[in-house]
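Structure first, commentary second.
The values are calculated or read from the model by the stated rules, or taken from the named source; none is laboratory data. All figures in this text were calculated on a predicted structure; none of them were measured in a lab. Backbone-built Cβ (ideal geometry, glycine too); neighbour counts: all protein chains shown. All accessible areas refer to the heavy atoms of the entire protein, side chains included, with ligands and DNA or RNA removed. Shrake-Rupley method; radii C 1.70, N 1.55, O 1.52, S 1.80 Å.
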Protein chains: 2
Amino acid sequence: MKRKSLAIDMDGVIADVEAHALQIYYERFGKLWTKEDASGKPEKDLLPDGYFRKFVLEPGFFRSAPVMDGAVEALQKLQEHYDIYIVSAAMEFPLSLPEKYDWMTEHFPFISWRNLVFCGDKSIISTDFMIDDHPKNLDHFSGQSIIFSSFHNFDINRYPRINNWEEGLILLTNPLSPLLI
Amino acid sequence: MKRKSLAIDMDGVIADVEAHALQIYYERFGKLWTKEDASGKPEKDLLPDGYFRKFVLEPGFFRSAPVMDGAVEALQKLQEHYDIYIVSAAMEFPLSLPEKYDWMTEHFPFISWRNLVFCGDKSIISTDFMIDDHPKNLDHFSGQSIIFSSFHNFDINRYPRINNWEEGLILLTNPLSPLLI
């Protein structure tokens, strides 16, 4: 049987860019800010005064982002079942292109460069499943969309939701998962 | 009516990387080599002694490649009819990522970064049409494939062929075109 294909977003899904930005804000200004403080706001308002956008544009930001908890182990196991493609809307930040490539090579060496996609609009990506934190990427997707929880998407209820990678692994590999029956 | 989508390859289709490599070879070694000399060989053997591959890996190679004859005018006209996506298998050469982005911004400023895709394998790209010089990219494509002539693909006859951008424009816009009837 042909293996199913699975597109996985980077930022906010396997790269914890939000935690990274909060940490930089704390180190630079001594003010503690949390994902809970930003809950329900659009992504650009993670931090006050547009600082999230400012940090994202700084060289090195994406290269030094931490890996999302459990992502490496989950993707290793998912790769036994699926053809995994990492699909990032990286084109908005051209400086990030080599940084994201190097980041993948360091943290996910088991994913080939053949399975990396850097794009703008994700509407021409066609796989069986897509995991993303942004509804705008999931809304025009022709396969099964799965939303990955983030401070900016908790009110979206039109897609199956995973709150972390443990849940993702269960949803996509457990034979009793509603997506697989 | 929803506009049709059209994926267009970069190297060998809108960027004349072959002519570029032949020119560098001539400037560096004083030997004239032509696309006809390489006719029928695989792409990597455009130049003797693996020089094509060596040039491609040099910083600046993609940034300074010339635009394929007629490509700018053709894409401007095609954009009146199609949603154009530039899809490049750039991931094999990570150094080329920012170079290709800057090249597009310089030569095709009318194509948004939203419509750029840098990938490895093109098998998850889904558009209505795809123009490419490599059969490996066209073979697993679910839409209508169109092959763009190159020294390395003249013996492929399983796809409609365009020899240049004038022919491409006719094939994709003339109401009497066999692809559009």
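Simple point charges give the picture: +1 on the Cβ of Lys and Arg, -1 on the Cβ of Asp and Glu, and for the range B:17-56 a dipole about the Cα centre of about 140 debye.
The GNM of chain B, with springs linking C-alpha atoms under 10 angstrom apart, assigns the highest mean-square fluctuation among B:Asp45, B:Asp155, B:Asp11 to B:Asp155.
Across peptide A:121-132, the average count of Cβ atoms from other chains found within 10 Å of a residue's Cβ is 4. Size of the protein assembly as shown from its Cα atoms: along the principal axes, largest to smallest, the extents are 64, 46, 38 Å. With its label point put 7 Å out from Cα toward Cβ, A:Lys4 sits 3.2 nm from the same residue's point in the other copies, in order from shortest.
Rounded to the nearest 10 degrees, the angle from helix A:17-29 to the longest Cα principal axis of chain A is 10 degrees. Candidate cross-link partners of A:Lys136 among the lysines, defined by an alpha-carbon separation under 17 Å and a same-chain spacing of 8 or more, comprise A:Lys41, A:Lys44, A:Lys122.
With a 1.4 Å probe on protein heavy atoms only, work out how much accessible surface A and B bury together, total over both chains, in Å² to the nearest 100. Let's see the in-between values first.
Values: alone 9580 and 9590 Å², together 17220 Å².
Approximately 1900 Å² gets buried when A meets B.
Peptide B:80-90 has a mean of 2 when you count, residue by residue, the C-beta atoms of other protein chains within 10 Å of its C-beta.
The angle between the Cα long axis of helix B:96-107 and the longest principal axis of the Cα atoms of chain B comes to about 60 degrees, rounded to the nearest 10. In nanometers and ordered shortest first, the copy-to-copy spacing of the B:Gly70 label point, defined 7 Å from Cα toward Cβ, is 5.6. Taking the square roots of 5 times each eigenvalue of the Cα gyration tensor of the range A:57-181, largest first, gives ellipsoid semi-axes of 23, 18, 14 Å.
Over its Cα atoms, what ratio of radius of gyration to 2.2 N^0.38 Å does the range A:17-56 give?
For the range A:17-56, the normalised Cα radius of gyration is 1.00.
Summary for B:Glu92: label point 7 Å along Cα→Cβ; distances to the equivalent points in the other copies, ascending, 3.1 nm. Only Cα pairs under 8 Å and 6+ residues apart enter the sum, and on that basis the relative contact order of the range A:17-56 stands at 35 percent. Solvent exposure of the protein assembly as shown amounts to 48 Å² per residue of accessible area, where only protein heavy atoms count and the probe is 1.4 Å. Only Cα pairs under 8 Å and 6+ residues apart enter the sum, and on that basis the relative contact order of chain A stands at 27 percent. Measuring from a point 7 Å past the Cα of A:Lys35 along Cα-to-C-beta, which residues in the range A:135-156 have an amide N at less than 11 Å? Backbone N within reach: A:148-154.
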